[in-house]
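All remarks here apply to the structure that follows.
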Amino acid sequence: MTEGNNMPEGDTTAKDEVPAEEKRPQEEEEKKENGDSKVTVPEQTSATDTEEVEFVHPEGGWGWLVMLAAMWCNGSVFGIQNAFGILFLSLLREFGSEDDEDLRFRTAWVGSLSMGMIFFCSPIVSVFTDVLGCRVTAVGGAAVGLVGLLASSFVTSLGPLYFTYGIVFACGCSFAYQPSLVILGHYFKKRLGLVNGIVTAGSSIFTITLPFVLSGLLEKVGLQNTMRVLCILMFVLMLAGFTYRPLLPVKASNSPTGSRCPPMSQVFNLNIWKSLGYRIWAFGIPAALYGYFVPYVHLMKHVEERFGQDASKEVLLMCIGITSGVGRLIFGRVADYVNGVNKVYLQVTSFFVIGLMSMMIPLCNIFGGLIAVCLLMGLFDGCFICIMAPIAFELVGAKDVSQAIGFLLGLMSVPMTVGPPIAGFLRDRLGSYDVAFYLAGIPPIFGGAVLCLIPWVEARRKRREKEALSKDQVASQKMIEHEKAQGEARCKTGESVL
């Protein structure tokens, strides 16, 4: 009865409230028109735009030009590094006697330090790439590399060359190289494996041609002028960096001061280390690379000692370059058809073959056998390189891939730097490269075996996530049923009261 007597008052209140509710949309519309809701509307719009950019890639267009620029980057950076065996012979003749007991050990440090610094700087480069963007980082890096290489052309002893070529030039190459990997993810997703294969094939093209070019230049104009000619490659690389137009939105800064610099948690992204699969990958790859760079530095000298100075040693680098380019194109395309982290098995296979081929080098007593070894080594070298970025995308996702690649390359710097000097030391002490090449084949086999754990670990993680999700769904369903039962009970109680 009490509720019945209050019904008119409730009706009056309801009538008063209805116009107020009708006014609210009008007030909100007026606020939007007056600019009071500027914060809310752009946030909704930016969220929509972000989703479109993240999930819809052009798969071409300007991306093809970016791909060519990244291809030039890979070619100029690693073509010069892979052809260091030719420069190594010239450095031996230029800066000392080839009979010097430790000359090979000290000279090998120039090339290995340069290759190692390219990877050692990668974690820092990933931070610069996230903060400044791919374009600024790449162009600035190419400029630094140009200065370092030009300064190396005026050096007259090994000591300063460690700094100008091994550090300055290499650091510049590192800052120019890594953005070329990251920018591809802005333009391609379905074709990312194929595009990475084409881009990384750039170093194969340069590896094929540079040994012959360098040999001719060294004979005609000498070491210093040859380095000045190589500066042209770095200048073109600097121009190529201007094509890196980013598409993915820059991460919003949570800095309370509103400055451009992001918070430390974003600068040093530790989320990537939460993935056990990535941690295994970041350990297995460096473990496999202690002997990786040894053939590129010492194979030319080994051929001279085994087959004489008149042997066509440049042909071996050409063979590695040709089949490496073919391997990058083939396995880059194959990787697009391999699901998820199972792409790791391609790297496992490549490491096993590279390790066996390194051990086969001292056993080749005829030049034709050495050519066959280099052809196989180059083919699977291309396989290993071209699927680095796709595997990183699978393990950590697109948002964290920049620092994931950066930290991995940084860890790779230690074995890439240490391997060639150790091989040179063994040659100086034992009188031949045989033991050095035998030992160089062990780390790739060991590292490949470690990588076999990644698919199993990732499958177990996904299984656990699926089980946890199903439990959450069951719990949510029970809560809904419980709330529904309580609601029905309230309705029955209200009907009984009425």
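The values are calculated or read from the model by the stated rules, or taken from the named source; none is laboratory data. Note that this is a predicted model, so its numbers are computed, not measured. For neighbour counting, all protein chains shown are included, and Cβ atoms are generated from backbone atoms with ideal geometry for every residue, glycine included. Just so you know, the surface numbers come from the protein's heavy atoms only, side chains and all, with ligands and any DNA or RNA stripped out. Shrake-Rupley method; radii C 1.70, N 1.55, O 1.52, S 1.80 Å.
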- Item | Test: residue in the range 420-443 that is in contact with a Cys (Cβ under 9 Å, 6 or more places away or on another chain) and either surrounded by fewer than 23 Cβ atoms within 10 Å (Cβ to Cβ) or part of a loop (DSSP other than H, G, I, E, B) (or both) | no
- Note on the structure: Going through the range 314-334 in order, the residues found to be over 17 Å from GLN81 (Cβ atoms) and either surrounded by fewer than 23 Cβ atoms within 10 Å (Cβ to Cβ) or assigned by the TED database to the domain that holds PHE84 (or both) are VAL315, CYS319, ILE322, THR323, VAL326, LEU329, ILE330, ARG333, VAL334
- Query: Which condition number does ARG279 fail, the rest of (1) without any contact (Cβ under 8 Å) to a residue 40 or more places away in the chain; (2) buried (at least 18 other Cβ atoms within 10 Å of the Cβ); (3) within 30 Å of VAL125 (Cα to Cα) being met?
  - Reply: (2)
- Item | Subset of the range 160-196 (residues that are over 19 Å from GLN81 (Cα atoms) and in a helix (DSSP H, G or I)) | VAL182, LEU184, GLY185, HIS186, TYR187, LEU192, GLY193, LEU194, VAL195, ASN196
- Message: When you scan the range 375-385, do you find a residue that is within 17 Å of PRO295 (Cβ to Cβ), outside the structural domain of GLN178 (by the TED database), open to solvent by 40 Å² or more (accessible area, probe 1.4 Å) and aromatic (Phe, Trp, Tyr), even just one?
- Response: no
- Of all the residues that make up the range 346-367, how many are farther than 30 Å from ALA392 by Cβ, of a type in the set (A, V, I, L, M, F, W, C) and surrounded by fewer than 23 Cβ atoms within 10 Å (Cβ to Cβ)? 5
- Task: State whether the residues of the range 382-398 include one that is within 24 Å of ALA108 (Cβ to Cβ), touching a residue at least 60 places away in the same chain (Cβ under 8 Å) and in a helix (DSSP H, G or I).
- Result: yes
- Specify which of the listed residues (SER180, SER122, SER157, SER90) is more than 30 Å from ALA335 (Cα to Cα), open to solvent by less than 40 Å² (accessible area, probe 1.4 Å) and either outside the structural domain of GLY382 (by the TED database) or in contact with a Gly (Cβ under 6 Å, 6 or more places away or on another chain) (or both). SER90
